[in-house]
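The values are calculated or read from the model by the stated rules, or taken from the named source; none is laboratory data. Small disclaimer: the values here were computed from a predicted structure and weren't measured. Backbone-built Cβ (ideal geometry, glycine too); neighbour counts: all protein chains shown. For accessibility, only protein heavy atoms count, side chains too; no ligands or nucleic acids. Shrake-Rupley method; radii C 1.70, N 1.55, O 1.52, S 1.80 Å.
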Amino acid sequence: MRQHHRTPRLLASLLIIAAAGLSVGVEAKPAAAAPAATPLGRVVPAPASVDAGGAPYEITRATRIRVDDARAARRVGEYLADVLRPSTGYGLPVTTQGTGGIRLRLGSGPFGAEGYRLDSGAEGVTITAGKPAGLFHGVQTLRQLLPAAVEKKTVQPGPWVVAGGTVKDTPRYAYRGAMLDVARHFFTVAQVKRYIDELALYKINTLHLHLSDDQGWRIAIDSWPRLAAHGGSTEVGGGKGGFYTKAQYQEIVRYAASRYLEVVPEIDMPGHTNAALASYAQLNCNGVAPPLYTGTDVGFSSLCVPKQVTYDFVDDVIRELAALTPGRYLHIGGDEAHSTSHDDYVAFMDRVQPIVAKYGKTVIGWHQLTGAHPVKGALAQYWGLDTTSAAEKAQVAQAARSGTGLILSPADRLYLDMKYTKSTPLGQDWAGLVEVRRSYDWNPGGYLPGAPGSAIAGVEAPLWSETIATGADIDYMVFPRLPGAAELGWSPASTHDWDAYRERLAAQGPRWDALGIGYYRSPQVPWSAR
């Protein structure tokens, strides 16, 4: 999934309109579009339905944030207040009393687990949802209906006007992810939290953390302490590396949950394991620990599949990691195992997948898992290219027809570490050059030939960190492509239109400026002058 293919820049695909809606494969009615000149028409991801009109509501010093008498609703209300107070200078008390103002309400309706309805008029703004996650996503929409200066941390002049109208919204796919590779370069808890906040703004609901690779092991495992102490002591280029203590990892998990993101931890195996092999000699077939690795080549490492100690190791790691992770999934990697024979690979996956189930988690693996025997309920994460062989695509599609769910992360579309252009100072180009339009302009529902639409669990945008070392690097490579990935996961296919999207995306620029996000000003997008 990294750099063993080299292809020229690929042309952007033709738009394919596909089935959409709350349930995959159900045709959705075209969303009622608000004029792009109004804030309701500039929301990213595009809502399922927008009906603009009526009197606006102005947030003033007298505004209250009214919530249901439920802990989760109050937490969302406090989150909203924390966003709005610095820039408005208003007190914005969170209360269960009164009328008018901003109302966050849990109620019945066709919302599903994450949908919401937002109604704005002269008397106030009401966000209604069936679950707290829906309230939180509705709050993200409300943020985009306010001037970009609302995101600043100092008092701004306002006014703070919310356009009148109604938004009805539910996501197309249940899985909408972004991956951060903390193994090639290590990122601190604070940096990960900042990334979580950026993801939440666009209704991403999954953070996939790539916790181990050849260059570093980033999570403390009590039963194998040298994994972190030795295996986590360096990174690409020879920096000091680092790792998360169990308490730090749990802090990340809790923070993500407060933004309604589920953390999916990944331990990549049987390949991409040099950090582990360097930490414990007995994991090597020859009993000799290799040196730590700080380069970027792939495919040279493998756990020793015939040894029982390998499975003792895997069991311990998965047991400890599962205990720290309240989410449903645990990612076992499985890609680029070039130093593992096919028979050994199949044998390894046959033994490891039941260990994941034993500790109460559902398996996710890179799509090479479909060359083994994916267990019932497993998800395969597809990272191939438009030019990936028909045979490999057919293998994945066959697994999908047999019940394996798919997360789509095509490298020449959604890999956020790919260069935008030849002159991009960061990133790689083995999957091609991925400008904003190419990243956005494709349809997950019809992407993989032979794979039923019902098998698509969702999409994920990975950020590999061979060349990414700072928070500023993350921002530059992620924005402006991440919102497009978020829209592919959230919005009905009937809303998909590049020309309209590029205008909505341009309107996000001032918001990123206010948030201190240094983004790539793609010439494909009509950004406003700074």
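Here are some notes:
- Among all positions in the range 275-295, there is no residue which is among the aromatic types (Phe, Trp, Tyr) and in a helix (DSSP H, G or I).
- In the range 101-128, the qualifying residues are those that are of a type in the set (Asp, Glu) and closer than 21 Å to Gly53 by Cβ, and the one that is least open to solvent (accessible area, probe 1.4 Å) is Asp119.
- Residue list for the range 354-385, restricted to those being farther than 16 Å from Ile267 by Cα and in a helix (DSSP H, G or I): Lys358, Thr370, Gly371
- Residue list for the range 131-151, filter: over 23 Å from the mean Cα position of the chain (by Cα) and free of Cβ contacts under 8 Å to residues at least 60 places away in the same chain: Pro147
- Residues being in contact with a helix residue (DSSP H, G or I) (Cβ under 8 Å, 6 or more places away or on another chain) and farther than 13 Å from Val192 by Cβ - total across the range 244-257: 1
- Residue-level analysis places Lys361 among those that are surrounded by fewer than 24 Cβ atoms within 10 Å (Cβ to Cβ), in contact with a Ser or Thr (Cβ under 9 Å, 6 or more places away or on another chain) and not aromatic (Phe, Trp, Tyr).
- Residues being open to solvent by less than 30 Å² (accessible area, probe 1.4 Å) and out of contact with any Gly (no Cβ under 8 Å at 6 or more places or on another chain) - total across the range 481-503: 13
- Verdict on Gly458 being open to solvent by less than 10 Å² (accessible area, probe 1.4 Å), in contact (Cβ under 8 Å) with a residue 60 or more places away in the chain and at positive phi: yes
- When the range 379-399 is filtered for residues that are free of Cβ contacts under 8 Å to residues at least 60 places away in the same chain and either surrounded by fewer than 24 Cβ atoms within 10 Å (Cβ to Cβ) or over 18 Å from Glu460 (Cα atoms) (or both), the ones remaining, listed by number, are Gly384, Thr388, Ser389, Ala390, Ala391, Glu392, Lys393, Ala394, Gln395, Ala397, Gln398, Ala399.
- Within the range 511-526, residues that are at pLDDT below 95 have Cβ atoms under 7 Å from residues that are in a loop (DSSP other than H, G, I, E, B) in no pair, counting only partners at least 6 apart in sequence or on another chain.
- Helices (runs of 4 or more DSSP H) contained entirely in the range 182-268, each with at least 1 residues that are farther than 29 Å from Leu283 by Cα and out of contact with any Phe, Trp or Tyr (no Cβ under 8 Å at 6 or more places or on another chain): 189-201, 246-258
Each row is one residue, and each column tells you yes or no for (1) surrounded by 14 or more Cβ atoms within 10 Å (Cβ to Cβ); (2) over 28 Å from the mean Cα position of the chain (by Cα).
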position	(1), (2)
Gly77	yes, no
Leu84	yes, no
Thr88	yes, yes
Gly91	no, yes
Thr96	no, yes
Thr99	no, yes
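- Of all residues in the range 420-440, those satisfying the criterion of being surrounded by fewer than 21 Cβ atoms within 10 Å (Cβ to Cβ), in contact (Cβ under 8 Å) with a residue 12 or more places away in the chain and under 15 Å from Ser522 (Cβ atoms) are Thr421, Thr424, Leu426, Leu433, Arg437.
- So Tyr249, is it open to solvent by 40 Å² or more (accessible area, probe 1.4 Å), touching a residue at least 40 places away in the same chain (Cβ under 8 Å) and farther than 28 Å from Ser339 by Cβ: no
- Complete set of residues in the range 181-226 that are free of Cβ contacts under 8 Å to residues at least 60 places away in the same chain and either open to solvent by 10 Å² or more (accessible area, probe 1.4 Å) or over 21 Å from Glu466 (Cβ atoms) (or both): Phe186, Thr188, Ala190, Ala220, Pro225, Arg226
- Restricted to the range 306-337, and to residues there that are assigned to a loop (DSSP other than H, G, I, E, B) and of a type in the set (A, V, I, L, M), the residue that is least open to solvent (accessible area, probe 1.4 Å) is Ile332.
- The residues listed here are Val155, Val161; of these, the one that is in a strand (DSSP E or B) and surrounded by fewer than 20 Cβ atoms within 10 Å (Cβ to Cβ) is Val161.
- Taken together, Tyr280, Tyr244 contain a single residue that is among the aromatic types (Phe, Trp, Tyr), surrounded by fewer than 24 Cβ atoms within 10 Å (Cβ to Cβ), under 25 Å from Ser301 (Cβ atoms) and touching a residue at least 12 places away in the same chain (Cβ under 8 Å), which is Tyr280.
- Scan the range 213-263 for residues that are of a type in the set (Asp, Glu) and closer than 16 Å to Leu277 by Cα and the total you get is 3.
- Flag for Asp513 being under 19 Å from Asp417 (Cβ atoms) and not in a loop (DSSP other than H, G, I, E, B): no
- Looking only at residues in the range 287-305 that are farther than 18 Å from Met269 by Cβ and not hydroxyl-bearing (Ser, Thr, Tyr), the one that is least open to solvent (accessible area, probe 1.4 Å) is Gly295.
- Residue list for the range 310-344, filter: touching a strand residue (DSSP E or B) at 6+ places or on another chain (Cβ under 7 Å) and either in contact (Cβ under 8 Å) with a residue 60 or more places away in the chain or within 12 Å of Met269 (Cβ to Cβ) (or both): Ile318, Leu321, Thr325, Gly327, Arg328, Tyr329, Leu330, His331, Ile332, Gly333, Gly334, Asp335
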